[in-house]
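> Here it is, the structure in full.
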Amino acid sequence: TRSGRHSRLVVFNEEMRTKEILEQRLLNDLKYAIENKEFLVYFQPKYNVQVDPPVIGSAEALVRWKHHELGMIPPGDFISLFEKSSQIGILDRYVWAETARYIAQWKEKYGKVIPISVNLSRIDIFDPDLEKTIEGIVEETGIGRENLHLEVTESAYTEGEEQILEVIRCFRSKGYHIEMDDFGTGYSSLNMLSRMSIDVLKLDRSFIKDIKGEDDDSKDVQMVELILDIARSLKLVVVAEGVETKEQMEFLKKRGCDLIQGFYFSKPLPADEFEEKAIKD
Ligand code: C2E
Ligand code: CA
Ligand code: CA
Ligand code: CA
């Protein structure tokens, strides 16, 4: 019989190989998948909780991959892969264009527009064609710059911050809204906040997930209160991410958080379901 140690090693190597093969497969399939419309854009509503009853104020576009052989693949399984291989721009461009196309289509059909944010990877920001790409999409669809919000994750600001600040400043001066994603997870949070012009701060789910309720005196509650105070003094709109319970929602609402995104209100929805829920009256 094989020794435990030996078989563990074999399993480990096989797992590594399987993972490598799978990743290579996904990388190879990217272009085919774009051409064959395998990427689906889902929309997760952000609810304005400072009105009663809460209403959908905006949404976030989140990609999924309906692979012809492997089935539905979540973005966690391929985004970082495409980032590492510098191909993320191909996918992101597609997602931005699809999002703008939906906004335009709903505007045409219902005369109603809900601003939707799209995700920008760090690599996108350093792409010299970024401005041209996004401006092209907005002009072609005629949706208006104020309706395509740009989410930039806080950790994108770690290196080359001067250039990033410049890109953000440029988009903002044209009328785009900038949302700082995953706020609180990077190392530069406060430093960057003071230097950069943004419109929206997205409080990361890690602050929210363990909050039990209003009289919770945990560090998380104190951190959230502190961040909401800072955001208020900087006149930023705050979105709380990953809100799953009524208690979390009530707590955030009471403390003046503007928008809430999370399973408590809605999961990310396919376009037709989002249309039904958010656009149609
Ligand atoms: P993110 O930008 O922080 O997006 C929020 C993630 O939290 C989404 O995961 C969403 O489904 C999930 N979420 C929302 N509410 C809840 C909740 O109440 N509880 C929990 N547990 N999770 C919640 P998703 O869709 O799997 O996306 C994961 C990440 O992949 C995103 O994190 C984003 O960084 C990236 N991503 C997604 N779509 C795109 C895209 O088109 N381009 C790029 N560059 N990145 C994308
Ligand atoms: Ca995001
Ligand atoms: Ca986020
Ligand atoms: Ca925690």
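> Looking at (1) closer than 14 Å to I114 by Cβ; (2) at pLDDT 95 or above, can you tell me which one D281 breaks?
Looking at each condition in turn, D281 falls short on (2).
> Just for the stretch 228-281: of the residues that are touching a Gly at 6+ places or on another chain (Cβ under 7 Å) and more than 16 Å from ligand 2 (Cβ to nearest atom), which one is farthest from F43 (Cα to Cα)?
Of everything passing the filter in the stretch 228-281, R232 is farthest from F43 (Cα to Cα).
Residue-wise test of (1) closer than 30 Å to M72 by Cβ; (2) open to solvent by less than 50 Å² (accessible area, probe 1.4 Å); (3) in contact with a strand residue (DSSP E or B) (Cβ under 7 Å, 6 or more places away or on another chain).
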residue: D182; (1), (2), (3): yes, yes, yes
residue: V200; (1), (2), (3): yes, yes, yes
residue: V238; (1), (2), (3): no, yes, yes
residue: F263; (1), (2), (3): yes, no, no
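> With respect to V138, is the statement that it is farther than 19 Å from S58 by Cα and away from ligand 3 (no atom under 15 Å from the Cβ) true?
no
> So L190 fits all but one of (1) modelled with pLDDT under 90; (2) within 11 Å of ligand 3 (Cβ to nearest atom); (3) of a type in the set (A, V, I, L, M); what number is the exception?
(2)
> Now for a separate question. For the stretch 235-263, enumerate the residues that are among the hydrophobic types (A, V, I, L, M, F, W, C), away from ligand 4 (no atom under 16 Å from the Cβ) and out of contact with any Asp or Glu (no Cβ under 8 Å at 6 or more places or on another chain).
If the condition is that a residue be among the hydrophobic types (A, V, I, L, M, F, W, C), away from ligand 4 (no atom under 16 Å from the Cβ) and out of contact with any Asp or Glu (no Cβ under 8 Å at 6 or more places or on another chain), then M249, C257, L259, I260 are the ones that fit.
> Right, here's the next one. If you go through the stretch 241-259 one residue at a time, how many are under 12 Å from E225 (Cβ atoms) and crowded, with 20+ Cβ neighbours inside 10 Å?
Of the residues in the stretch 241-259, the ones under 12 Å from E225 (Cβ atoms) are 251-252, 254-257.
If we keep only those that are crowded, with 20+ Cβ neighbours inside 10 Å too, we end up with 251-252, 257.
Of the residues in the stretch 241-259, 3 are under 12 Å from E225 (Cβ atoms) and crowded, with 20+ Cβ neighbours inside 10 Å.
> In the stretch 53-87, what count of residues is obtained for those that are within 14 Å of the chain's Cα centre (by Cα) and either under 25 Å from I21 (Cβ atoms) or small (G, A, S) (or both)?
Step one: of the stretch 53-87, the residues within 14 Å of the chain's Cα centre (by Cα) are 58-64, 74-76, 79-80.
Of the ones still in play, those that are also either under 25 Å from I21 (Cβ atoms) or small (G, A, S) (or both) are 58-59, 61, 63-64, 74-76, 79-80.
Qualifying residue count, the stretch 53-87: 10.
> What pairs can you find where one residue is in the stretch 147-161 and of a type in the set (G, A, S), the other is at pLDDT below 80, and their Cβ atoms are less than 7 Å apart, with a gap of 6+ or different chains?
Final answer for the pair search is S155/G186.
> Oh, and also: Limited to the stretch 79-115, what total is found for residues that are touching a His at 6+ places or on another chain (Cβ under 6 Å) and hydrophobic (A, V, I, L, M, F, W, C)?
The qualifying residues number 0.
> A follow-up question, please. Test P45 against the stated conditions and say whether it is at pLDDT 95 or above and over 22 Å from D281 (Cβ atoms).
Values: at pLDDT 95 or above: yes; over 22 Å from D281 (Cβ atoms): no.
For P45, the condition - at pLDDT 95 or above and over 22 Å from D281 (Cβ atoms) - is not met.
> Separate question: State whether the residues of the stretch 162-169 include one that is within 24 Å of P45 (Cα to Cα), open to solvent by 10 Å² or more (accessible area, probe 1.4 Å) and assigned to a helix (DSSP H, G or I).
No, the stretch 162-169 contains no residue that is within 24 Å of P45 (Cα to Cα), open to solvent by 10 Å² or more (accessible area, probe 1.4 Å) and assigned to a helix (DSSP H, G or I).
> Please find, among G142, G136, G160, the residue that is modelled with pLDDT of 95 or more, closer than 20 Å to D92 by Cβ and more than 20 Å from the chain's Cα centre (by Cα).
G136
> Next question, about the same structure. Name the residues in the stretch 133-161 that are more than 27 Å from S189 (Cβ to Cβ) and surrounded by fewer than 19 Cβ atoms within 10 Å (Cβ to Cβ), would you? Explain how you work it out, then say what you get.
We begin by selecting, within the stretch 133-161, every residue more than 27 Å from S189 (Cβ to Cβ); these are 133, 135-144, 147.
Result: T133, E135, G136, E139, E140, G142, G144.
The values are calculated or read from the model by the stated rules, or taken from the named source; none is laboratory data. This structure is a prediction, so every number in the text was calculated from the model and none was measured. Neighbour counts are summed over all protein chains in view; Cβ atoms, including those assigned to glycine, are modelled from backbone coordinates with ideal geometry. With ligands, DNA and RNA removed, areas are computed over all heavy atoms of the protein, side chains included. Shrake-Rupley method; radii C 1.70, N 1.55, O 1.52, S 1.80 Å.
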